[in-house]
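Right, one structure below, let's go through it.
Every number in this text was worked out from the coordinates using simple rules, so none of it is lab data. In this text, all values refer to a predicted model and were calculated from it rather than measured experimentally. Methodologically, a virtual Cβ is constructed for each residue, glycine included, from the backbone with ideal geometry; neighbour enumeration extends over all protein chains shown.
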Amino acid sequence: MKSEKIKKHFQKWAKDYDSSKRERIIPGFHDFYGAVVKMIPFKKGGRINILELGTGTGMLTEMILSCYSEAKLTGIDLTDEMLLQAERKLKRFKNRLILKRGDFSTTSFGSDYDAVISSLAIHHLTADGKKRVYKKIYKSLKKGGVFINADMVKSKSVSIQKTYLKLWEGFMRDGKVDEEYIKRRFHGAKKVDIYDTADEQLIWLKKAGFKDADVFYKYWNFAVFGGFKD
Ligand SMILES: C[S@@+](CC[C@H](N)C(=O)[O-])C[C@H]1O[C@@H](n2cnc3c(N)ncnc32)[C@H](O)[C@@H]1O
């Protein structure tokens, strides 16, 4: 997927992103993001170094920095408009937070991280792009480090996938999400979303070097999965 297309998509969306009330859009919102926070295997007061891919407006960033009081986090995002929202929202963490504009499919990450996290961003990459980024993530982690990705995946079954999408649409309608948004989600987003199954992605994680990889949480098309580095 061309980064320019994704950037344009999020430039348009940045101002309304948080006010769209993400709880009504993401089924199991608190458990979905909460699973990332809980799967980080370090002490809450530990001085850990975290890399976040696709920080956006800082939804997950805020949860992580609130919970891990001594953690330092570097967030990378393509879109200035999303980062601007994050910068405003996360002022109180400014001593522990670095926000960088960049494309995580092309920038190098270094090799100094205890945890790499991401939410709803890596699914914009093609299968080959995901495989490449998983290899970079593995290399960027210290021994004992962890990668946790909360993202959209597809079902192995075409008919179950259709059911999940119908259920999701119904979930948003029940939450009185704007019809315009729902239409955009199912048509506009098709151009920027590339879903792969969680099972395939676990295989790619293992090929990247992660010995232990698993799905930690799943609700329809929303899954949290990742791997631990020995
Ligand atoms: C749906 S938003 C998710 C934001 C946030 N993580 C959350 O959970 O609310 C996806 C974000 O990923 C960013 N993104 C997508 N592809 C990217 C890439 N290749 N490099 C950097 N950022 C990317 C977009 O700019 C956007 O801000």
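Taking each DSSP H run with n ≥ 4 as -39500 (n - 2.57) and averaging over every residue of the chain yields -13000 deg cm²/dmol at 222 nm.
Each residue in Val215, Val116, Val133 was given a count of other beta-carbon atoms within 10 angstrom of its own, and listing them fewest first yields Val215, Val133, Val116. Between Asn95 and Asp178, the simple spin-label model (points 7 angstrom out along Cα→Cβ) gives 3.9 nm.
Between the residues Gly145, Leu120, Thr55, the greatest Cα displacement towards the positive end of the dipole of segment 35-152, with unit charges on the Cβ of Lys, Arg, Asp and Glu, is found for Gly145. In angstrom, the C-alpha Rg and Dmax of the chain are 16.7, 48. Remark on Thr197: its backbone amide H falls under 5 Å from those of Lys154, a criterion applied only to residues 5 or more positions apart or on other chains, H modelled at 1.01 Å from N.
Rounded to the nearest 20 debye, the dipole size of segment 3-228 about its Cα centre is 300 debye, using +1 on the Cβ of Lys and Arg and -1 on the Cβ of Asp and Glu. Phi-derived couplings, Karplus 6.51 cos²θ - 1.76 cosθ + 1.60 at θ = phi - 60°, listed residue by residue for segment 46-59: x, 8, 9, 10, 10, 10, 10, 9, x, 4, x, 7, x, 4 Hz, with x used for Gly and Pro. Search the structure for amide H atoms under 5 Å from the amide H of Leu99, placed 1.01 Å from N in the peptide plane, and list their residues when 5 or more places away or on another chain. Answer set, sorted by chain and number: Gly75. Counted residue by residue at 0.36 nm each, then reduced by the alpha carbon distance between them, the extension gain from Asp230 to Lys211 reaches 6.1 nm. If a spin label sat at a point 7 angstrom from the Cα of Tyr17 along the line to its beta carbon, the backbone N atoms of segment 131-151 nearer than 18 Å would be those of 149-151. Evaluating 6.51 cos²θ - 1.76 cosθ + 1.60 at θ = phi - 60° for every residue in segment 144-153, the Karplus couplings come out as x, x, 9, 10, 10, 10, 9, 8, 8, 10 Hz, glycine and proline recorded as x.
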